[in-house]
Amino acid sequence: MSFLRRRSAPTPAGPDFDVLAMDPGDWPGNLGAGLLPAPDGTCQGVFLRYDLFGGRGPAMIIGNLPQGSPAREVEEGQIPFEVAQLLLALENEEQVEVVGTEDVPVMQGDNLLIVRRLKLSESRISCVQFDRSDDVLVTIASWDRPITDDLYALLKPLPAELFQQG
């Protein structure tokens, strides 16, 4: 998939990979972004929080974690990093675990994605994951909203300027 490529700029402004998410202009709520830095300064992942609840926590978190990111290392039954961040932001301390997965083919434009739907012990959370062609794992976690196939049509790389400091 051509739009899912590693960015080749000599000094990237933020992560050294494209961040696949929804454009902030396409979302009616507030957007927040977080970077996961490694000790050497490299970016170990990006997650974006889309808030529709008026400052009471996000409705959705989309994470982009490259190969080698420690946040990708989860044990059997453990929730993904993005689900943990969603629960933390919502101040929900309930113990949640993955109780099952299902692989589902989804078309995004002319491209076929194999999406893993995670079934969680907390039924108000929807969670899906898919691997990009550049070995970045995309995880979408949504609170109290199902994740439908039309969401994938809204995903696109965000501009590097969004992650510049200063």
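The values are calculated or read from the model by the stated rules, or taken from the named source; none is laboratory data. Since the structure is predicted, the reported quantities are computational estimates derived from the model, not experimental observations. Here Cβ is always computed from backbone atoms with ideal geometry, including for glycine, and neighbour counts include all displayed protein chains. Accessible surface is based on the protein model in full, side chains and every heavy atom, while ligands, DNA and RNA are left aside. Shrake-Rupley method; radii C 1.70, N 1.55, O 1.52, S 1.80 Å.
Please return the ranges of strands (runs of 3 or more DSSP E) entirely within region 50-127 where 1 or more residues are open to solvent by less than 50 Å² (accessible area, probe 1.4 Å) and farther than 19 Å from Met22 by Cα.
Details: elements: 60-65, 98-108, 111-120.
Passing ranges, in order: 98-108, 111-120.
Name the residue, out of Arg56, Arg7, that is under 15 Å from Asp135 (Cβ atoms) and modelled with pLDDT under 75.
Values: Arg56 fails: under 15 Å from Asp135 (Cβ atoms).
Of the residues listed, the single one that is under 15 Å from Asp135 (Cβ atoms) and modelled with pLDDT under 75 is Arg7.
Only one residue in Asp26, Asp40 is surrounded by fewer than 19 Cβ atoms within 10 Å (Cβ to Cβ) and either of a type in the set (A, V, I, L, M, F, W, C) or within 24 Å of Asp144 (Cβ to Cβ) (or both), so which one is that? Break it down into steps so the answer makes sense when it comes.
Working: Asp40 fails: either of a type in the set (A, V, I, L, M, F, W, C) or within 24 Å of Asp144 (Cβ to Cβ) (or both).
Of the residues listed, the single one that is surrounded by fewer than 19 Cβ atoms within 10 Å (Cβ to Cβ) and either of a type in the set (A, V, I, L, M, F, W, C) or within 24 Å of Asp144 (Cβ to Cβ) (or both) is Asp26.
Are there any pairs, at least 6 apart or on different chains, whose C-beta atoms fall under 6 Å, with the first in region 34-51 and in contact (Cβ under 8 Å) with a residue 12 or more places away in the chain and β-branched (Val, Ile, Thr) and the second assigned to a strand (DSSP E or B) and surrounded by 12 or more Cβ atoms within 10 Å (Cβ to Cβ), and if so, which?
So the pair list comes out as Val46/Val19; Val46/Leu35; Val46/Asn64.
Where the second residue is of a type in the set (Ser, Thr, Tyr) and at pLDDT 85 or above and the first is within 16 Å of Lys119 (Cβ to Cβ) and lies in region 139-166, which pairs have Cβ atoms under 6 Å and are six or more apart or on separate chains?
Going by the 6 Å Cβ cut-off, the qualifying pairs are Ser142/Ser126; Pro146/Ser126; Ile147/Ser126.
Between residues in region 66-94 that are polar (S, T, N, Q) and residues that are part of a loop (DSSP other than H, G, I, E, B), which pairs lie under 8 Å by C-beta distance while being six or more apart or on different chains?
Between residues of region 66-94 that are polar (S, T, N, Q) and residues that are part of a loop (DSSP other than H, G, I, E, B), the close pairs are Gln67/Asp135; Gln67/Val136; Gln78/Glu97; Asn92/Glu122.
Please find, within region 128-151, the residue that is most open to solvent (accessible area, probe 1.4 Å) out of those that are more than 18 Å from Leu65 (Cβ to Cβ) and not in a loop (DSSP other than H, G, I, E, B).
Asp150
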